[in-house]
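The values are calculated or read from the model by the stated rules, or taken from the named source; none is laboratory data. Since this is a predicted model, take the numbers as computed values, not measurements. Heads up, the Cβs are rebuilt from the backbone with ideal geometry, glycines too, and the neighbour counts pull from every protein chain shown.
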Amino acid sequence: MKIEKKNLLKYLGNIVTVLAIIFVFKQLFSNGLDYHSIFKSKNILPVVIIVIVQAIIVATNTYPWKKIVEILSNKKLPYKETVTIYVKSNLMKYVPGNVFQYVGRNELAMNQNISHLKVATATIIDVAMTVLSAMAISLVFLYDYIWKFMSTFTNIWFLLILFIFFVLVLYVLIVIFKKNILQFLSNNQDIFKKKNIHVLIKCFFYYVFVMLISSLMYMLVFTFILDQHVTTTLFFKLFSAYTLSWLVGFITPGAPAGIGIKEAVMVGVTGGLVNQSTIALSMIVLRVLATFSDVLAFLIVILLSSKKKQVAK
């Protein structure tokens, strides 16, 4: 019965993966982008660099999640299997619902006989670290803009009300799930060991590094593909604004992939130095290239995995 259930879940996972590939092509052909303008001969090098670098990032993003799962499960995991599950789940983000890319990671729980709760918790910690790294970069590079935004009378009251609401919700959740939280902390005491804290710190700085590289990829799009002249001041504004825009787009409910939100943040941070249409076009181009990167990472990992299986036979 367990084997049948496991096979059924694998079949469902494969169906969702096929749906993800269909939605990938739908997104690529429905964005209204002129692909001839992207793939001009002069743009080939920056396009190739962006796609390859982003594909490498997708594959290496497995590392922190894998480490967190290992800490919680107290079990060493094979990278080959973990990265295969990760890149396949990453492709599922194109399926409407915005949850399949996280749920898909729990295939690892079935394959390695790990608690589904532990794998899901590792995913939550992994996402939280990504958000915290983006917050850290934004606070370091854009503290003046953030402070200026927060210092207005209206915004202070809004943020105060939002903070009070957040604290009340957190308090209610802690009261309701107090026993579950205490039980979870008791069952996962290993996470507070010194060596594991060091691992988590490494994972955090990994995401800081990845965020900075992603911002650099955006600047390649803006400068070389769109042929925009960039001064030193504008470079650093756009470079840091991209991370803040990702953060705001990610945490804003009801905004698929942060569409519209990111562009508004970028325009606000740059102080109108770049018009919104140019920002929007640069974001669309990067989103398209990131889609190619997701597919490339998926194909490479799957092909390498299948070849290794054939050699093993």
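Residues that are of a type in the set (A, V, I, L, M, F, W, C) and within 13 Å of the chain's Cα centre (by Cα): which helices (runs of 4 or more DSSP H) entirely in the stretch 30-105 hold 2 or more of them?
Answer list for the stretch 30-105: 44-60, 79-91.
Only one residue in 88, 80 is surrounded by 12 or more Cβ atoms within 10 Å (Cβ to Cβ), basic (Lys, Arg) and within 27 Å of residue 242 (Cα to Cα), so which one is that?
Exactly one residue qualifies, and that residue is 88.
Could you please find all residues in the stretch 79-115 being of a type in the set (A, V, I, L, M, F, W, C), at pLDDT below 90 and more than 26 Å from residue 25 (Cα to Cα)?
Once the filter is applied, which keeps residues that are of a type in the set (A, V, I, L, M, F, W, C), at pLDDT below 90 and more than 26 Å from residue 25 (Cα to Cα), the stretch 79-115 yields only 110.
Any residue at all in the stretch 132-148 that's assigned to a helix (DSSP H, G or I) and within 30 Å of residue 30 (Cβ to Cβ)?
Yes, the conditions are met somewhere in the stretch 132-148.
Please list, ordered by first then second residue, the pairs with beta carbon atoms under 7 Å, 6 or more apart or interchain, first in the stretch 137-151 and surrounded by 11 or more Cβ atoms within 10 Å (Cβ to Cβ) and of a type in the set (S, T, N, Q), second part of a helix (DSSP H, G or I) and modelled with pLDDT under 80.
From the stretch 137-151, the pairs are 138/146.
Tell me, which residue of the stretch 185-238 that is without any contact (Cβ under 8 Å) to a residue 40 or more places away in the chain and among the aliphatic types (A, V, I, L, M) is surrounded by the most Cβ atoms within 10 Å (Cβ to Cβ)?
Across the stretch 185-238, the extreme among qualifying residues is 238.
Determine whether residue 73 is of a type in the set (Ser, Thr, Tyr), under 18 Å from residue 103 (Cα atoms) and crowded, with 23+ Cβ neighbours inside 10 Å.
no
Name the residue that is nearest to the chain's Cα centre (by Cα), counting only residues in the stretch 156-194 that are modelled with pLDDT under 80 and of a type in the set (Phe, Trp, Tyr).
For the stretch 156-194, the residue satisfying everything is 166.
Is there a residue being surrounded by 17 or more Cβ atoms within 10 Å (Cβ to Cβ), farther than 21 Å from residue 106 by Cβ and modelled with pLDDT under 90 anywhere in the stretch 40-50?
No, the stretch 40-50 has no match at all.
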